[in-house]
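The values are calculated or read from the model by the stated rules, or taken from the named source; none is laboratory data. What you see is a predicted model; the values in this text were computed from it and never measured. Heads up, the Cβs are rebuilt from the backbone with ideal geometry, glycines too, and the neighbour counts pull from every protein chain shown. Quick note on the areas: whole protein, heavy atoms, side chains included, nothing else; ligands and nucleic acids left out. Shrake-Rupley method; radii C 1.70, N 1.55, O 1.52, S 1.80 Å.
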Amino acid sequence: MLDSLLPTLGLAAAAALLYGLLRKPAPAFALLLSLAAGLAILARLGPALTGMAAGLAALAGRAGGAAFTSLLRCAGVLLVTDYACAVCREAEAETLAWCAAFAGRVLTLAALWPMLEEVCAMIWELTG
């Protein structure tokens, strides 16, 4: 996993440098370049994500329940929301970034709801 760290970060640094050079003369091309570089970086994470998914599946098998599933969904929503907000901010679409962040918060709460129900049920069982 660590052997891909430097090439991945090098790709990010090179893309950032090119983005900085192209931002003023060709902003549309700079945005497309940064999106393509972002996708290339995400593609390089494939093996690490596969290993992490296997570890999470093993952990889910031991932990089980709606609470663990809720936490995984929340993590996914937060990661995708962060990426969408970054893309919107890079395109200087602050209103869209705010809307994406708000949608992410709402979807995080929706994904967290089953865990909240479990916690409340446990509290009511202890106090009742």
Practice item. For segment 51-128, run through the GluC sites (Glu not before Pro) and keep only the ones in DSSP coil with at most 13 other Cβ atoms within 10 Å of their Cβ. Key: 92
Point to revise | Three-way shape label, the chain, alpha-carbon gyration tensor, a/c 1.5 | key: oblate
Exercise for review: Quote to one decimal, in nm, the extra length available between residue 45 and residue 16 on full extension: 0.36 nm per residue of separation minus the C-alpha distance between them.
Suggested key: 8.6 nm
Practice item. State the percentage of accessible surface on the chain attributable to carbon and sulfur atoms; use a 1.4 Å probe and exclude ligands, DNA and RNA. Key: 76
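Below 8 Å between Cα atoms, with a sequence gap of 6+, how large is the relative contact order for the chain in percent?
Normalised by residue count, the contact order of the chain is 22 percent.
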